[in-house]
Structure formats: C-alpha cells, structure tokens
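Peer 1: Let me begin by handing over the structure; questions about it come next.
The values are calculated or read from the model by the stated rules, or taken from the named source; none is laboratory data. Since the model is a prediction, treat every value here as computed from it, not as a measurement. Cβ: placed from backbone, ideal geometry, glycine included. Neighbour counts: every protein chain shown. Side chains are part of the model used for accessible areas, which takes the heavy atoms of the whole protein and leaves out ligands, DNA and RNA. Shrake-Rupley method; radii C 1.70, N 1.55, O 1.52, S 1.80 Å.
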Amino acid sequence: MPNQKQKIIIANWKMNPASFIEAENLLKTIKSGIKKSDNLKIVICPPAVYLPKMKPNSNFDLGIQNIFWEDKGAYTGEISAPIAKKLGANYAIIGHSERRIYLNETDEMVNKKIKAALKNNLKPILCIGETLEEKNQDKTSEIISSQLKSALKNISKFQVPSSKFYVAYEPIWAIGTGETPTSNEVMSAALLIRKIIAGLYDRQTADNLSILYGGSVTGKNALDFLDNAGMNGLLVGGASLNGSEFARIVNLI
Ligand code: PEP
C-alpha cells in the first residue's frame, strides 16, 4: 500500500540562504529540532555550492536543485550529474516550475535530465503541476499527463523502481503563494499520476511510486496532505528556510 511507505520530506532552499554561515545555522536548528523517526527520510537541497560542506548524517540526505543532461563538456555554468554526486548529492530535483518558467526548461530537457540522473545514480524528484490559468480552464489532468509522459519518454520501468524515483505534484499557483489545493484535489492528482504510471509500466510500479505534494506547505497544513490526501511525502520551499517550522513539519511524522 503506498501510504505505508517510508515518508520523504524534501527541503528546497532555492537560492537561499545568502551565506554558508547562515546555511550552517539553519541546518543546526533543523538537526536539533527534529525527533528521530525510522519511517522518514529527510533530504535537504541547498544551493549546490554549499553541498560539499553540508555533511549528511543518518537523519538527513542531500539533493541538488537541478542538473544538466550531459555528463561533461562545454556547457558553461552547468553542473552535471556526476559532479552533483561528487558534491554529495543523492537526489536531484528535476523540472521545478521556477526553472520551467525563468529558464525555459522544456519537457524534453526534463526527460534528458531524468535520464542523466538515473544513469548516474541520482534519485530524480520530478516536479509537475499546472498554472492557475490551466487549472481555471480545467486542464490540470491534461498538464499532469503530458508532463509526466514526456518526462518518462523512453525510460523503462526497471530504471524507475520506487526507491530511485519520486514524483512531486506542485501546482504552480500554490508555490510560494500561501494558496493550497484541497486534500481532495491533491488526492485526485496522485490517483491520476498512479494511473498514468500503471499505463506506462504496470500496476505494481504505480502502487510502489512515492508521490509528494509541494506548494505552500507549513506546519499547519502538512498533515492534511500526508494523512487526508495520502501523500508519501512533501516538497517544502519557503517553510524549509525556517529551521523550527521545518522541524515542526518533520516531527508530524
Ligand atoms: C517549491 O518551490 O518546491 C515549493 C514547494 O515552495 P513553497 O513551499 O515555498 O511553496
């Protein structure tokens, strides 16, 4: 049953904090605030330059917020999956809406990045979700379906076992806005994601997939998504920059 899987909480620090000293302090507050739970995986995704100094322990693992699809070469400013691994990352957020919006990242690029991550043993956290305009036009299912299918194009089910691949449903209109979908809406999105995965692969792969919710998660609403919407985890942006708030979310599990 998907709900009984180990829960995963991912902190996406985005382009914050402004210095490594602040990052260290934030990490200290998080570490001292969280109670241990065997049924939980915490992944911190700081700005990539902080990764080598972050020293993961049994309580948390590290992720990168983006990778490039080639392993090496003349790609100024990019970070490859092998470099991300060497920096200490075991997870990679791929296809975040901020990158799709500000950097024109396409579904095709997302697909190439997922392949690069899987090839290099980085666990992709694929972000998908609709804009407010698309939601208002009743296009949520269409968007989820096309983003998910494109992202997984020419990727076999053996490459995406449940321990190595995550999907985060992140409605763009909920990111950083304080607005959130209802638990029913999130549950419907997750059901659709499982249906698509079952169609692409099989029922078992779909059942085993961990699906996360992301978008204005706080200590107040986190349980609604975990318990009522039955999500397997959360992707937390803004609230992960407040160490005690992030610990509060983690301690709900
Ligand atoms: C995100 O950027 O992935 C995110 C979920 O942000 P926030 O929690 O701030 O909405």
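Peer 1: Do we have any residue at all in the stretch 199-206 that's small (Gly, Ala, Ser) and either over 27 Å from Leu118 (Cβ atoms) or within 17 Å of the chain's Cα centre (by Cα) (or both)?
Peer 2: no
Peer 1: Report the residue count in the stretch 210-251 for those that are hydroxyl-bearing (Ser, Thr, Tyr), within 13 Å of the ligand (Cβ to nearest atom) and more than 11 Å from the chain's Cα centre (by Cα).
Peer 2: Count: 3.
Peer 1: Determine, yes or no, whether Ile197 is within 10 Å of the ligand (Cβ to nearest atom), buried (at least 20 other Cβ atoms within 10 Å of the Cβ) and more than 10 Å from Tyr213 (Cα to Cα).
Peer 2: no
Peer 1: Considering only the stretch 128-179, state which residues are part of a loop (DSSP other than H, G, I, E, B), small (Gly, Ala, Ser) and farther than 19 Å from Lys113 by Cα.
Peer 2: Once the filter is applied, which keeps residues that are part of a loop (DSSP other than H, G, I, E, B), small (Gly, Ala, Ser) and farther than 19 Å from Lys113 by Cα, the stretch 128-179 yields Gly176, Gly178.
Peer 1: Right, next: What residue, among those in the stretch 3-21 that are open to solvent by less than 90 Å² (accessible area, probe 1.4 Å) and over 21 Å from Ile93 (Cβ atoms), is modelled with the lowest pLDDT?
Peer 2: Restricting to residues being open to solvent by less than 90 Å² (accessible area, probe 1.4 Å) and over 21 Å from Ile93 (Cβ atoms), the top hit is Asn3.
Peer 1: Another question, then. Where the second residue is in a helix (DSSP H, G or I) and the first is without any contact (Cβ under 8 Å) to a residue 40 or more places away in the chain and lies in the stretch 43-56, which pairs have Cβ atoms under 6 Å and are six or more apart or on separate chains?
Peer 2: Listed pairs, sorted by first residue: Pro46/Ala23; Tyr50/Phe20; Tyr50/Ala23; Leu51/Leu87; Pro52/Leu87.
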